[in-house]
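Here, each number is a calculation from the coordinates, and none is a lab measurement. Owing to the predicted nature of the structure, the values given are computational and were not obtained by experimental measurement. We place every Cβ from the backbone using ideal geometry, glycine too, and count neighbours over all the protein chains shown.
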Amino acid sequence: MTPTATLTHTAALARLGHALSDETRAQILLTLREAPAFPSDLADALGVSRQVMSNQLACLRGCGLVEGVKEGRNTWYRLADSHLAPALDDLLRLVLVVDPACCSGESCTCA
């Protein structure tokens, strides 16, 4: 059997897994799939300190999932590729297969 994934593929997948392994990073990605945001706004929305947000955004940048865009003295963040938002939507739907009780009712946005 010929492997279909190279070591480069598996390393990239491992980086994605690392990024998603932290709840704050996962929340950042899910928030950025809706719209770009400034770090201070993300920190306020997620209830974390600006230092925590800075560290998590650095990790996500290092994983190649987000990018910063300079705007004057400020930087706002967005998903690094247009394919990420639909992929995150697909992952949310997959979560329902793994754990159907995780989300229900009108407030559920992953179905």
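So here's what we get for this one:
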quantity: Förster radius 35 Å - calculated FRET efficiency between C103 and V69 (Cβ-Cβ, nearest 0.05); calculated: 0.65
quantity: Theoretical FRET efficiency, 1/(1+(r/R0)^6), r = Cβ-Cβ of A58 and A87, R0 22 Å, to 0.05; calculated: 0.55
quantity: Point-to-point label distance, E34-L46, nm (Cα→Cβ direction, 7 Å offset); calculated: 1.4
quantity: Estimated inter-spin distance, V95 and R15, nm [label 7 Å along Cα→Cβ]; calculated: 2.3
quantity: Kirkwood hydrodynamic radius over Cα pairs of the chain, then Stokes diffusion coefficient at 4 °C and 1.567 mPa s, in µm²/s; calculated: 85
quantity: Around A19: net Lys/Arg minus Asp/Glu count, Cβ-Cβ under 14 Å; calculated: 0
quantity: Helix-only [θ]222 nm of the chain, DSSP H runs n ≥ 4, -39500 (n - 2.57) each, per residue, nearest 500; calculated: -17000 deg cm²/dmol
quantity: Total charge dipole magnitude, the chain, about the Cα centre, Cβ charges on Lys, Arg, Asp, Glu only, Debye to nearest 20; calculated: 400
quantity: Residue (of A37, S54, A87) at the positive-pole extreme of the chain, dipole from beta-carbon charges; calculated: S54
quantity: Centre separation in Å (Cα based) which lies between segment 9-24 and segment 26-55; calculated: 18
quantity: Viscosity 1.306 mPa s, 10 °C: Kirkwood-radius Stokes-Einstein D of segment 1-42 over Cα pairs, µm²/s; calculated: 130
